[in-house]
């Protein structure tokens, strides 16, 4: 049993956490470069929170340019036990209304211009992504949104597109036919990398628009996204504080899906074939499974 140290990756519109005690900044360099920005640490009760703005302060980074590997490695190095992603998304279904939240439980990855793994030549690993989010963290985050008066959908499939452009009408219709519920640009490869780092991960996706499939609604623009996003972000900040108070009253045990030991079943390269240089780089995210 360990203490909760909750990592928060803030997406569009979420650049700070309210109510942090003993607030301080921490700069971490990783083998994959610098993260998106300085980490901000603090406590709410006994729970340590570590906040990282995904796009950097001032929204400097496009979805493609976000240093996903450095972000996850920095959170792991900072001692984070669980990661909650907050991100804006478009709705692909009528019932997901702008202003709603979705506790996503599945992803379809359509990104193509990003590094998606910590592993590679010299140390190969294949982690399972069948259940890509931590069911416990996702449920607790959804409970926090509901307790703050938000509308939250428990479960949903998130289509991760490359961006930075929004979808075409044809793409939006196609993704609806696939059964996707929401669309965004940032949760992949983030979720995959968190799993490789044995970090339980969950997403609260904030619905800002109906993408462009809905004929009776204006096609998505930055202007209408920002308007809804500002409303959602205020509720998201309150929900994070409530989640922290819930965690204060909840003993942390290993995730019900065994995420903290998933690399035990993923490392495939024979010990004698492992590259020592690659192993050294991997220590921060896979040291437990690699033996120190």
- line: Expressed in angstrom, Rg and Dmax over the Cα atoms of the range 5-290 are 18.3, 62
message: What do you get for the angle between helix 276-290 and the principal long axis of the chain? Use alpha-carbon atoms, 0 to 90 degrees, nearest ten.
response: 70 degrees
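I'm a student and want to see the number: the projected area of the Cα convex hull of the range 162-215, averaged over all directions, in nm².
For the range 162-215, the mean projected area of the Cα convex hull comes to 4.5 nm².
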- prompt: Can you work out D for the range 19-110 in µm² s⁻¹ from Stokes-Einstein, where Rh is the Kirkwood radius over C-alpha pairs, the temperature is 25 °C and the viscosity is 0.890 mPa s?
  reply: 162 µm²/s
field: Burial ordering of 40, 80, fewest other beta-carbon atoms within 10 Å first
entry: 40, 80
- prompt: How much length is gained on full extension from residue 168 to residue 43, taking 0.36 nm per residue of separation minus their Cα-Cα distance?
  reply: 40.7 nm
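To make sure I understand, if each residue's beta carbon is the centre and we count other beta carbons within 10 Å, what order do 86, 108 fall in, fewest to most?
In increasing order of surrounding Cβ atoms, one gets 108, 86.
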- request: Write down the percent of antiparallel bridges among all DSSP beta bridges whose residues are both part of the range 1-144, to the nearest 5.
  value: 50 percent
query: Summing -39500 (n - 2.57) over the DSSP H runs of n ≥ 4 in the chain and dividing by its residue number, what mean residue ellipticity at 222 nm do you reach, to the nearest 500 deg cm²/dmol?
result: -9000 deg cm²/dmol
- request: Show me 128-134, 242-248, 167-173 ranked by packing, highest mean number of other Cβ atoms within 10 Å first.
  value: 242-248, 128-134, 167-173
statement: If R0 = 41 Å, then residue 151 and residue 121, at their Cβ-Cβ distance, give a FRET efficiency to the nearest 0.05 of 0.30
- prompt: Quick one: if you stick a label point 7 Å off each Cα along the C-beta vector at residue 24 and residue 265, how many nm between them?
  reply: 3.9 nm
task: Within 10 Å of each residue's Cβ, count the other Cβ atoms and sort 284, 97 from fewest upward.
output: 97, 284
message: Quick check on the chain: of the DSSP beta bridges with both residues there, what percent are antiparallel, nearest 5%?
response: 40 percent
task: In whole angstrom, note down how far apart the Cα centers of the range 1-54 and the range 66-116 are.
output: 16 Å
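Bear in mind these aren't lab numbers, they're just calculated from the coordinates by the rules spelled out. Bear in mind that the values here come from a model prediction, so they are computed numbers and not experimental data. Cβ sites come from the backbone with ideal geometry, for glycine too, and all protein chains shown count toward neighbours.
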